[in-house]
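The values are calculated or read from the model by the stated rules, or taken from the named source; none is laboratory data. None of these values were measured; they are calculated from a predicted model. FYI the Cβ positions are ideal-geometry reconstructions off the backbone, even for glycines, and counts take in every protein chain you see.
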């Protein structure tokens, strides 16, 4: 009896030891779809558990460098020399849009137009009232309130901030000279929010607030998005179609280490603040764990693509997936 019980317990221990756990952390930009993927994959593959913590790109980068996670998500891509110095591999996972959200009672989603110059000047703290003549000139049919503009930005190290400040640096010489781009910058104006949900929460509760976030968070929070002027001088709405247009011309074949910027790209339908979200892996990942990661990410590229679309992200086209497969 005791012998049989011992054998049974050893069998259970052996089964438990065979289970695989893949841990990830990092960017909040793709977190809605990553959390859907990890759940669905774990359900479909008994014995394998995949988790992802939305901590921000900076935290994800730190954790993968320290080896405390198996993969990291980041929207702040590393150039090839940075990847090699850190012993990391980087590849794109999805594209999506960073959108500008506002809290202006009486103004509906997509009605407010913001030019390149006006958006930069708002974040520089040069335009401080919603009825400023520069905003009014762009929106003659809107009744803009005499309301203070409260600028909201990220308070953590953020890939979404990198995408947004990368864009502002391209469209504003003043921004480039005074602030620049990065996951964390010295903001000239405004208040901070932790991760994308923190920015959305601040914008939602403060009348006259303006912020930036990944599109899915804006949709889920039912926040009003602004139409933005793109590189072609057209005012476009944030949609998966305009995000896809912004990503359409990306030359991934000639992108060392898959480093890519999709902000302020040409095209009449291109969303001006399109971003790529990436995965980082350690080069010294053990072969068995690496094989499980490869299996998981291949599933994301195939079975996971439909879920990404439903959550307003743009899955990578097959030709780009084929470029990624050799590095997995």
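Listed by position, the helices (runs of 4 or more DSSP H) inside region 272-328 whose residues that are outside the structural domain of residue 29 (by TED's automatic domain parsing) and more than 16 Å from residue 94 (Cβ to Cβ) number at least 1 form an empty set.
Of the residues making up region 193-215, at least one is within 19 Å of residue 33 (Cα to Cα), modelled with pLDDT of 95 or more, out of contact with any strand residue (DSSP E or B) (no Cβ under 8 Å at 6 or more places or on another chain) and surrounded by 15 or more Cβ atoms within 10 Å (Cβ to Cβ). Looking across region 116-131, the residues that are surrounded by fewer than 18 Cβ atoms within 10 Å (Cβ to Cβ) and in contact (Cβ under 8 Å) with a residue 12 or more places away in the chain come down to 117, 125, 128, 129, 131. Taking the stated definitions as given, is residue 297 under 27 Å from residue 62 (Cα atoms), crowded, with 18+ Cβ neighbours inside 10 Å, touching a strand residue (DSSP E or B) at 6+ places or on another chain (Cβ under 6 Å) and modelled with pLDDT of 95 or more? Judged against the criteria, residue 297 is not a match.
Condition check ((1) touching a strand residue (DSSP E or B) at 6+ places or on another chain (Cβ under 7 Å); (2) modelled with pLDDT under 95) across all residues:
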site	(1), (2)
232	no, no
242	yes, no
255	no, no
279	yes, no
288	no, no
318	no, yes
323	no, no
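Among the residues of region 119-141, which ones are closer than 14 Å to residue 189 by Cβ and not in a loop (DSSP other than H, G, I, E, B)? 119, 120, 121, 122, 123, 129 - these are the residues of region 119-141 that are closer than 14 Å to residue 189 by Cβ and not in a loop (DSSP other than H, G, I, E, B).
Restricting the first member to region 137-150 and to residues that are over 18 Å from residue 117 (Cβ atoms), and the second to residues that are at pLDDT below 95 and loosely packed, with under 12 Cβ neighbours inside 10 Å, the beta-carbon pairs closer than 7 Å and six or more apart or on different chains are 143/106. Please work out if residue 144 is out of contact with any strand residue (DSSP E or B) (no Cβ under 8 Å at 6 or more places or on another chain) and either surrounded by 20 or more Cβ atoms within 10 Å (Cβ to Cβ) or assigned to a loop (DSSP other than H, G, I, E, B) (or both). Spelling it out, residue 144 is indeed out of contact with any strand residue (DSSP E or B) (no Cβ under 8 Å at 6 or more places or on another chain) and either surrounded by 20 or more Cβ atoms within 10 Å (Cβ to Cβ) or assigned to a loop (DSSP other than H, G, I, E, B) (or both).
Checked against the criterion of being in contact (Cβ under 8 Å) with a residue 12 or more places away in the chain and either at negative phi or crowded, with 23+ Cβ neighbours inside 10 Å (or both), the candidates 58, 47 yield just one match: 58.
Within region 77-93, does at least one residue satisfy the condition of being part of a loop (DSSP other than H, G, I, E, B), under 15 Å from the mean Cα position of the chain (by Cα) and crowded, with 24+ Cβ neighbours inside 10 Å? Yes: region 77-93 contains one or more residues that are part of a loop (DSSP other than H, G, I, E, B), under 15 Å from the mean Cα position of the chain (by Cα) and crowded, with 24+ Cβ neighbours inside 10 Å.
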